1. Would you mind pulling out the separation of the Cα centroids of segment 128-173 and segment 178-202, in Å?
2. With a Förster radius of 35 Å, plug the Cβ-Cβ distance of residue 35 and residue 182 into 1/(1 + (r/R0)^6) and report the FRET value to the nearest 0.05.
3. Would you calculate the separation in nanometres between label points at residue 203 and residue 286, each defined as 7 Å from the Cα along the Cα-to-beta-carbon direction?
4. How would you rank 222, 283, going from fewest to most other Cβ atoms within 10 Å of each one's own Cβ?
5. Compute the length gained on full extension between residue 86 and residue 115: take 0.36 nm times their separation in residues and subtract their Cα-Cα distance, giving the result in nm to one decimal.
6. Quick one: among 306, 153, 34, which has the greatest mean-square fluctuation in a GNM of the chain with alpha-carbon springs under 10 angstrom?
7. Rounded to whole Å, give me the distance from the Cα center of segment 44-75 to that of segment 238-277.
8. Once you have the Cα-Cα distance between residue 302 and residue 26, take 0.36 nm times their residue separation minus that, and quote the gain in nm to one decimal.
């Protein structure tokens with residue numbers, strides 16, 4: 001029985017990678033442009049912002065939470081950073097303030113959840129509206145222009161003239177947070193919160209403080225994603241990130257996260273983000289309507305969650 005369970009676990013971990021490989025194989029035959037270097041880098045650029053936010057979202061889902069505010073926090077941080085630079089504040093201090101804005105949004109959500117005992121869905125839904133409203137209010141709904149040229153390197157530069165800088169950011173952050181999640185006490189506590197928060201509390205874990213810090217980390221990652229997006233677009237867009245909540249949650253669920261908590265990996269989140277990027281890119285190459293893309297993403301989420309719930313039901317965890 002133990003061997004059977006371990007084999008099932010391994011197969012479940014490999015499922016996202018196999019899906020990605022199958023999708024890439026099909027598209028390589030369907031379009032001669034798919035496997036070109038330029039197109040692969042384009043996929044990397046397209047998925048970079050989603051992948052950065054998926055890192056934080058994955059950890060929150062592992063803790064049995066959810067964050068619906070990621071797109072709005074991303075927009076607010078991007079707008080805040082670009083407005084400061086448009087007012088001649090140097091790039092580095094403006095970026096730090098942009099990250100602080102993200103951290104502040106995360107801290108507010110974390111406090112409402114940890115000490116206000118508001119369900120994560122409701123708390124982050126509220127933050128989503130507040131952050132988006134502030135972004136539109138301070139800009140009057142108009143994009144922010146007049147950014148320094150050097151700022152464009154974060155979102156549009158290439159390392160050694162080859163690797164896009166946003167892709168490098170994703171790789172570095174994925175490695176850092178993989179180690180954080182699997183090799184630190186805080187990381188183990190995140191899994192404990194998702195598996196059984198009461199048992200974690202009785203074991204001496206400060207559940208409220210861990211949740212508070214976790215949402216701050218997620219807010220910083222969303223803020224950084226917003227800064228990268230603003231750099232890539234060379235403008236601060238108050239409407240940036242609209243609908244990204246779906247993509248980020250989908251990346252995590254497709255990558256093996258359980259919405260019940262206690263399961264998930266950073267590598268899975270990256271694989272899920274890649275699947276999303278490949279799916280969108282493939283649809284564009286094959287001239288498939290963007291409306292069908294949304295239908296496909298919604299269907300994939302339902303199938304992934306149904307599969308997880310069915311597996312738990314069969315194993316007697318309900």
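1. Going from one Cα centre to the other spans 32 Å.
2. 0.65
3. 4.5 nm
4. 283, 222
5. Result for the pair: 6.7 nm of gain on full extension.
6. 306
7. About 7 Å separates the Cα centre of segment 44-75 from the one of segment 238-277.
8. 97.1 nm
We did not get these values from a lab; they are worked out from the coordinates using the rules stated. The shown structure was predicted, so the numbers you read here are calculated from the model rather than taken from an experiment. Methodologically, a virtual Cβ is constructed for each residue, glycine included, from the backbone with ideal geometry; neighbour enumeration extends over all protein chains shown.
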